[in-house]
Amino acid sequence: MSNEDIQKGLAEIVEEVAGVAADDVTAEKSFVDDLDIDSLSMVEIAVQAEDKFGVKIPDDELANLKTVGDAVSYIAGKA
Amino acid sequence: MTTFSIPAATTGTRILGMGSYQPETIVSNHDLAKVMDTNDEWIRERVGIVNRRFAGKGELLVDMAAEAGAKAIADSGLQPTDIGAVIVATCTMPSPIPNAAAQVAERMGSKAAPAFDVNAACAGFCYALATGSDMVRSGSAKNVLVIGAEKLTDWVDPTDRSTAIIFADAAGAVVVGEGDEPAIGPVVWGSAGDMADAIAIADRNSSIHQEGQAVFRWATTQIAPVAIRAVELAGLELSDVDAFVPHQANLRIIELIAKRLRAKGAREDMVVARDIVDSGNTSSASIPMALDHMRAAGEISSGDVVLLMGFGAGLSYAGQVVRCP
């Protein structure tokens, strides 16, 4: 799966969980500061991403994923 | 060789009556915002709570438990002397001994009744209900009073904005007795002791601490399958469930579990308990209190199939289906 496909899939999850338009979920955006996503929504996003991409995203790793691009790279590296 | 004699097992058990008690003092999000760095919007978004109630000065856990218990006995049409055992689910007694149940039995007039506490934290009521039901079914007691009672404010740091906004005080109770047909389903229960630290009061000088993300992940992924199993074990379909009454931990957890149940066949019109909004998280008291409030509000009525699901510190969980009395 290409990084582009991962980002598209992640954006769909973010839209469903947090109500942020998928088009706004771009690589440089910070989940917390730009997309206004709280810590519990981050867990929901991680759980859905685990199912969708077949990866594990533990809470301590999740804390390091500040931007959408961080998450895409993490998933690409584990998938 | 002589043979022991034991009572014949009954056909089934049911909830005969229920009741609940909340302290008078209502504490709103705005009240909390005056004493700590928080605000109404933040609390509503994170946990879904608007108001909660705190016990008054000198108001004890056993006082609240006895109030709820007495209401449940009255609702069942029985007398206090008809109660064959008292079980109090609690994790917030001020002292490890004596237990709560013996004092509660005494106060209610159920003198000399067997009485013990169960500590499975927020899963405690469902553990105690299963135990009480099995006691009636096996003939150990004819009618069992099962109470969930908590005074969490004794164990919360009132300045900790991550916990002080959530936890509150209350008690809820049901009376379990014999039924011509089963109206309390088999329990599905278990524990996850590898996550013992996720929700803990470390020692007698500590306050409750919770790892929010870890608990949220566990509750929103591991609990729905347990609830579904409880429905299956009772020989029912998810579409038979009229109401879902999970532990009132956090409105977002409640709604996510309900969403998972609906994805697996639960009805869109299944009523989902939202008692947390005006009661806060009252641990073992939350399920019986929500049941009582929902019946009073007409959200559930006699004969409805209600799915109960407790989960919390331990970690521990237990769920079963019951028929609303």
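Criterion applied to B:20, B:5 was being of a type outside the set (D, E, K, R) and either surrounded by 13 or more Cβ atoms within 10 Å (Cβ to Cβ) or closer than 25 Å to residue B:162 by Cβ (or both), and the one residue passing it is B:20.
Those helices (runs of 4 or more DSSP H) of the stretch A:25-79 in which 2 or more residues are small (Gly, Ala, Ser) and open to solvent by 20 Å² or more (accessible area, probe 1.4 Å) occupy A:68-78. Number of residues in the stretch B:242-265 that are in contact (Cβ under 8 Å) with a residue 12 or more places away in the chain and either out of contact with any Asp or Glu (no Cβ under 9 Å at 6 or more places or on another chain) or among the charged types (D, E, K, R) (or both) equals 16. Checking each residue in the stretch B:206-234 for being away from every other protein chain (no Cβ under 14 Å), touching a residue at least 12 places away in the same chain (Cβ under 8 Å) and either of a type in the set (D, E, K, R) or over 25 Å from residue B:91 (Cβ atoms) (or both) picks out B:228, B:229, B:231, B:233, B:234.
All conditions in (1) within 14 Å of another protein chain (Cβ to nearest Cβ); (2) open to solvent by less than 10 Å² (accessible area, probe 1.4 Å); (3) over 29 Å from residue B:61 (Cα atoms); (4) not basic (Lys, Arg) hold for residue B:261, with the sole exception of (1).
Just to be sure I understand the filter: pairs with C-beta atoms under 6 Å, separated by 6 or more residues or on different chains, first member in the stretch A:34-59 and within 8 Å of chain B (Cβ to nearest Cβ), second member open to solvent by less than 10 Å² (accessible area, probe 1.4 Å). Which pairs pass? Sorted first by the residue in the stretch A:34-59, then by its partner, the pairs are A:40/B:216; A:43/B:216; A:46/A:57.
Would you confirm whether any residue within the stretch A:41-63 is more than 14 Å from residue A:14 (Cα to Cα) and of a type in the set (S, T, N, Q)? Checked against the condition, which is being more than 14 Å from residue A:14 (Cα to Cα) and of a type in the set (S, T, N, Q), the stretch A:41-63 yields no hits at all. Criterion applied to B:99, B:119 was being under 13 Å from the mean Cα position of the chain (by Cα) and either on the phi > 0 side of the Ramachandran plot or surrounded by fewer than 22 Cβ atoms within 10 Å (Cβ to Cβ) (or both), and the one residue passing it is B:119. Inside the stretch B:38-53, can you point out the residues that are farther than 20 Å from residue B:124 by Cβ and open to solvent by 20 Å² or more (accessible area, probe 1.4 Å)? Across the stretch B:38-53, the qualifying residues are B:39, B:40, B:41, B:42, B:44, B:45, B:46, B:50, B:51. State whether one or more residues within the stretch B:256-265 are touching a His at 6+ places or on another chain (Cβ under 7 Å) and in a helix (DSSP H, G or I). No, there is no match, as no residue in the stretch B:256-265 is touching a His at 6+ places or on another chain (Cβ under 7 Å) and in a helix (DSSP H, G or I). Is it true that residue A:16 is open to solvent by 70 Å² or more (accessible area, probe 1.4 Å), within 23 Å of residue B:44 (Cα to Cα), at pLDDT 90 or above and within 14 Å of chain B (Cβ to nearest Cβ)? Against the criterion (open to solvent by 70 Å² or more (accessible area, probe 1.4 Å), within 23 Å of residue B:44 (Cα to Cα), at pLDDT 90 or above and within 14 Å of chain B (Cβ to nearest Cβ)), residue A:16 qualifies. Within the stretch B:24-51, the set of residues being closer than 24 Å to residue B:254 by Cα and touching a Phe, Trp or Tyr at 6+ places or on another chain (Cβ under 6 Å) comprises B:27 only.
Considering B:118, B:50, the condition of being under 19 Å from residue B:155 (Cα atoms), modelled with pLDDT of 95 or more and not small (Gly, Ala, Ser) is satisfied by B:118 alone. Only residues that are under 19 Å from the mean Cα position of the chain (by Cα) and among the hydrophobic types (A, V, I, L, M, F, W, C) were counted in the stretch B:233-252, giving 6. Right, residue B:81: at pLDDT 95 or above, over 30 Å from residue A:44 (Cβ atoms) and among the polar types (S, T, N, Q) or not? Criteria met by residue B:81. Just wondering, is there one or more residues in the stretch B:288-304 that are of a type in the set (Val, Ile, Thr) and not in a loop (DSSP other than H, G, I, E, B)? Looking for residues that are of a type in the set (Val, Ile, Thr) and not in a loop (DSSP other than H, G, I, E, B), one finds none in the stretch B:288-304, hence no.
Residues in the stretch B:181-205 that are part of a helix (DSSP H, G or I), more than 14 Å from chain A (Cβ to nearest Cβ) and aliphatic (A, V, I, L, M): B:196 only.
Test residue B:64 against the stated conditions and say whether it is assigned to a loop (DSSP other than H, G, I, E, B), open to solvent by less than 40 Å² (accessible area, probe 1.4 Å) and either of a type in the set (A, V, I, L, M) or within 14 Å of chain A (Cβ to nearest Cβ) (or both). So residue B:64 fails the test. Any residue at all in the stretch B:300-311 that's over 19 Å from residue B:186 (Cβ atoms), open to solvent by 40 Å² or more (accessible area, probe 1.4 Å) and of a type in the set (S, T, N, Q)? Within the stretch B:300-311, one or more residues are over 19 Å from residue B:186 (Cβ atoms), open to solvent by 40 Å² or more (accessible area, probe 1.4 Å) and of a type in the set (S, T, N, Q).
Would you mind finding the one in B:230, B:214 that is assigned to a helix (DSSP H, G or I), hydrophobic (A, V, I, L, M, F, W, C) and more than 18 Å from the chain's Cα centre (by Cα)? Testing whether each residue is assigned to a helix (DSSP H, G or I), hydrophobic (A, V, I, L, M, F, W, C) and more than 18 Å from the chain's Cα centre (by Cα) leaves just B:214.
The values are calculated or read from the model by the stated rules, or taken from the named source; none is laboratory data. A quick note: this is a predicted structure, and the numbers were derived from the prediction, not measured. Every residue, glycine as well, gets a Cβ built from its backbone with ideal geometry; the counts of neighbours run over all protein chains shown. For the accessible areas, the whole protein counts, side chains as well, though only heavy atoms, and no ligand, DNA or RNA atoms are used. Shrake-Rupley method; radii C 1.70, N 1.55, O 1.52, S 1.80 Å.
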